[in-house]
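Some notes on the structure that comes next.
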Amino acid sequence: MRIENSIRNMFFGVSGQVISLIMGMIVRTVFIYTLGIEYVGVEGLFSSVLLILSLTNLGFDTAMIYSLYKPLAEKDTIKIQAYMNLFKKAYRIIGAAVCVIGLLLLPFLPYLLNGDTRIDHLNAIYLLFLLQSVMSYYFVHKQAIIIADQRHHIISKIHSVFIVMTNLCLIVLLLTTKNYIVVLSTQVAFRVMENVYIARKANQLYPFLMEGAHATLPKKDRKQFFSNLYALFLYKISGVVIHGADNIIISVFAGIAFVGMYANYLLIISTITTLLGYLFHSITASVGNLHVEESAEKKYFIFRVIRFTNFWIFGFCAICLWNLFNPFITVWLGDEYVLNMFIVFAIILNFFTAGMQNATTTFRETTGLFRKGKYRPIIAAGINILVSIILAKEIGLAGVFIGTVISRWSVYFWYDPYILFRYVFFQPVRFHFIRYMVYTLIVVIAAIITDFIARSFFTTYTMWTILFRGTICIIIPNVLFYLLFRKTEEFNYLYHVAKRIVSTKLMKHPVVEKTFSHK
């Protein structure tokens, strides 16, 4: 059932992100023309501040999901109830901590804004963002069991419905009231309703969750859980700093307007990242199940398949972004919102290097190797902040993203594969780095060829430019990748999986074959 669940999760996750992208672009367009780019910047800045605040939640969701794999596979409802009770209590504490820390930061908000801003009621806006963040902690723990049970598509469908309803309301309110407080309050209300609805859905799917209110974990299991959580907390600090610090550094050194301009690029990048994240997130539970049941050889093969998929998809997307980013922003919003190509290159490099880590991240988080190298992410976080600030002063906005790339390469690029290959696959890690470099070189070659052809025909940015460049981006990289890799084991495995899914009409007739069993 692994492939069936993974593909269903993937399909509904991708569909939801397509809907989110379309609605998000419409809302962003109305947002900019009714309120202005500074409001977009403030939204991005406060979201980043609250992402840093979520440090208290770092690793908790991953530890939760990992802890549920085994009791779900064994149908141990008593242990599941005990874990869910633990999660509920812990999230209430986390929510209270986020609220207190968020309130303590309120007096320091002006220091994050470079220069004057015409935006009124900044404190009220921040408090609404804080309220949205805090409220989520009182419902979100119920999502863990749905995800761990390989049924993330259920959450995706619910999220898509709420995205459409929320954004339609936001568009109407932006056009009629032009009041950001009203708009943000509505967004918070819909977010809370979505979390409540998903929690009730979890109760329907797993009725035993409403029982066993006093179920507790044995001391040994609690100790193991919190040991993993502590290691994950440290491990993921770097991830939060990397994703949360960029907007704050941009605001401090360049100004809130640049945060707004970057936010338009980030809307596209984050949508693609989230969309592709569903691809890997949808198989995370399956990989966790694979770890419980399969041999080291089988794990290594599936890792190679995921790494290959990772290269193809993120390489293709990076090439598309390089050729389409600025033409699209020009046609969508206008020349005044376009960033120079050096900054765009830095943004795409950050996107690509983060994406290429997905295979190792997926396996590391599902194999329980939380305590290996647990202090290294602290170093990565420090490198990210220090180098980003230095480079931001020296070369401007691009330096923020290059600093992020340097911090990622300093720790995760080499250490995660080393841990996996030593403790899970029992294989020499040097072959992984060789393959990584080969994949990267091929992406660079494909990008150069595609860019050369695209620039040879159109010199201005129009819809025709986007259509032509898009066509070239679809053809050149994919044909090159196919010619180079069509005879590899990874490609043939994926080909046969896709062929089997199509032949069994997955969406109508469930696949019953045992999956990940064919090489």
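The values are calculated or read from the model by the stated rules, or taken from the named source; none is laboratory data. Remember, it's a predicted structure, so these values are computed and weren't measured experimentally. Here Cβ is always computed from backbone atoms with ideal geometry, including for glycine, and neighbour counts include all displayed protein chains. Only protein heavy atoms, including side chains, enter the accessible area calculation; ligands, DNA and RNA are left aside. Shrake-Rupley method; radii C 1.70, N 1.55, O 1.52, S 1.80 Å.
Structure values in brief
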{"item": "Pair list, Cβ < 7 Å and 6+ apart or interchain, from segment 305-322 residues that are under 14 Å from V438 (Cα atoms) and of a type outside the set (G, A, S) to residues that are open to solvent by less than 10 Å² (accessible area, probe 1.4 Å) and in a helix (DSSP H, G or I)", "result": "R307/A359; N310/G355; N310/A359; F311/Y439; W312/F481"}
{"item": "Selection within segment 13-53 - modelled with pLDDT under 70 and surrounded by fewer than 22 Cβ atoms within 10 Å (Cβ to Cβ)", "result": "V14"}
{"item": "Single residue of I434, I419, I390 found to be among the hydrophobic types (A, V, I, L, M, F, W, C), in a helix (DSSP H, G or I), more than 30 Å from F328 (Cβ to Cβ) and in contact (Cβ under 8 Å) with a residue 24 or more places away in the chain", "result": "I419"}
{"item": "Counted residues, segment 197-218 - those being at pLDDT below 90 and more than 24 Å from K79 (Cα to Cα)", "result": "0"}
{"item": "Any hit, segment 361-376, residues being over 23 Å from S270 (Cα atoms) and modelled with pLDDT of 85 or more", "result": "no"}
{"item": "Count of segment 84-129 residues which are open to solvent by less than 80 Å² (accessible area, probe 1.4 Å) and outside any helix (DSSP H, G or I)", "result": "6"}
{"item": "Some residue of segment 382-396 being out of contact with any Ser or Thr (no Cβ under 9 Å at 6 or more places or on another chain), of a type outside the set (F, W, Y), modelled with pLDDT of 90 or more and open to solvent by less than 10 Å² (accessible area, probe 1.4 Å)", "result": "no"}
{"item": "Matching residues in segment 18-56 - criterion: being more than 30 Å from A97 (Cα to Cα), aliphatic (A, V, I, L, M) and in a helix (DSSP H, G or I)", "result": "V18, I19, L21, I22, M23, M25, I26, V27, V30, I32, I37"}
{"item": "Pick from segment 169-180, criterion part of a helix (DSSP H, G or I) and without any contact (Cβ under 8 Å) to a residue 24 or more places away in the chain, ranking: most open to solvent (accessible area, probe 1.4 Å)", "result": "T176"}
{"item": "Search result, residues across segment 174-233 that are within 17 Å of M135 (Cβ to Cβ), among the basic types (K, R) and in contact with a helix residue (DSSP H, G or I) (Cβ under 7 Å, 6 or more places away or on another chain)", "result": "R191"}
{"item": "Extreme residue, farthest from F308 (Cα to Cα), among residues of segment 443-480 that are in contact (Cβ under 8 Å) with a residue 12 or more places away in the chain and aromatic (F, W, Y)", "result": "Y461"}
{"item": "Residue that is farthest from V338 (Cα to Cα), among those in segment 445-503 that are of a type in the set (G, A, S) and open to solvent by less than 30 Å² (accessible area, probe 1.4 Å)", "result": "A446"}
{"item": "Check on K157, of a type in the set (K, R) and either surrounded by fewer than 20 Cβ atoms within 10 Å (Cβ to Cβ) or touching a His at 6+ places or on another chain (Cβ under 9 Å) (or both)", "result": "yes"}
{"item": "Residue within segment 405-423 that is modelled with pLDDT under 90 and acidic (D, E) present", "result": "yes"}
{"item": "Search result, residues across segment 181-231 that are within 24 Å of the chain's Cα centre (by Cα) and open to solvent by 90 Å² or more (accessible area, probe 1.4 Å)", "result": "R191, M193, Y197, Y230"}
{"item": "Of all residues making up segment 130-148, the number that are of a type in the set (A, V, I, L, M, F, W, C), within 28 Å of I78 (Cα to Cα) and part of a helix (DSSP H, G or I)", "result": "7"}
